[in-house]
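Written out below as structure tokens is the structure these notes cover.
The values are calculated or read from the model by the stated rules, or taken from the named source; none is laboratory data. Treat the numbers as computed from the prediction; the structure is a model and nothing was measured. Cβ atoms come from the backbone with ideal geometry, glycine included; neighbour counts cover every protein chain shown. Only protein heavy atoms, including side chains, enter the accessible area calculation; ligands, DNA and RNA are left aside. Shrake-Rupley method; radii C 1.70, N 1.55, O 1.52, S 1.80 Å.
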Amino acid sequence: QVPLVESGGGLVQAGGSLRLSCAASGSIFSIKTMGWYRQAPGKQRELVAAISTGGSINLADSVKGRFTISRDNAKNTVDLQMNSLKPEDTAVYYCAAWDKWSRDYWGQGTQVTVSS
């Protein structure tokens, strides 16, 4: 098991910034990829950003140029820096991790609300 604990959500005005953090514990030696998904009301959960152990990054087109994902392999943490936030970024953001057996793990979610 790989418990994931998120922090950093909240309410921000459009154009503002937030930073989400996620810390993994447990069987952390097996983690390969970490990332962030989000789910807005009435919509499917979607990938926001993911980063591999080696630093390869996958970023959703909708957040390119505004969001940055970073990872500290030694601390088993992954951060999502969100700048120039838009109302359409409002969602519950979930930290996710995948181990070397392709099993997935999820955090409890943190609410991000962007007011116009």
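Within the stretch 20-34, the set of residues being surrounded by fewer than 20 Cβ atoms within 10 Å (Cβ to Cβ) and among the polar types (S, T, N, Q) comprises Ser21, Ser25, Ser27, Ser30. Screening the candidates Ser102, Ser62 for the property of being at pLDDT 95 or above and among the hydroxyl-bearing types (Ser, Thr, Tyr) yields one hit, Ser62.
Among the candidates Val5, Val48, which residue alone is at pLDDT below 95 and under 29 Å from Trp101 (Cα atoms)?
Exactly one residue qualifies, and that residue is Val5.
When Gly9, Gly26, Gly54, Gly65 are checked against the criterion of being in contact with a Leu (Cβ under 7 Å, 6 or more places away or on another chain) and not basic (Lys, Arg), a single residue qualifies: Gly9.
Scanning the stretch 22-36 for residues that are in a strand (DSSP E or B) and touching a residue at least 60 places away in the same chain (Cβ under 8 Å) turns up Cys22, Ala24, Ile31, Lys32, Thr33, Met34, Gly35, Trp36.
Restricting attention to the stretch 70-82, the residues being of a type in the set (A, V, I, L, M, F, W, C) and outside any strand (DSSP E or B) number 1. Candidates Gln108, Gln39, Gln44: the one that is without any contact (Cβ under 8 Å) to a residue 12 or more places away in the chain and open to solvent by 30 Å² or more (accessible area, probe 1.4 Å) is Gln44. Considering only residues in the stretch 1-19 that are surrounded by 15 or more Cβ atoms within 10 Å (Cβ to Cβ) and of a type in the set (A, V, I, L, M, F, W, C), the one that is nearest to Arg66 (Cα to Cα) turns out to be Leu18. Somewhere in the stretch 83-92, is a residue at pLDDT below 95, assigned to a loop (DSSP other than H, G, I, E, B), open to solvent by 70 Å² or more (accessible area, probe 1.4 Å) and over 21 Å from Pro3 (Cα atoms)? Within the stretch 83-92, none of the residues are at pLDDT below 95, assigned to a loop (DSSP other than H, G, I, E, B), open to solvent by 70 Å² or more (accessible area, probe 1.4 Å) and over 21 Å from Pro3 (Cα atoms). Filtering the stretch 3-62 to residues that are acidic (Asp, Glu) and closer than 12 Å to Ala91 by Cα leaves only Glu46. The number of residues in the stretch 53-69 being in a strand (DSSP E or B), in contact (Cβ under 8 Å) with a residue 12 or more places away in the chain and surrounded by 15 or more Cβ atoms within 10 Å (Cβ to Cβ) comes to 3. Here Ser84, Ser115, Ser102 are screened, and the one residue that is of a type outside the set (D, E, K, R) and free of Cβ contacts under 8 Å to residues at least 12 places away in the same chain is Ser102.
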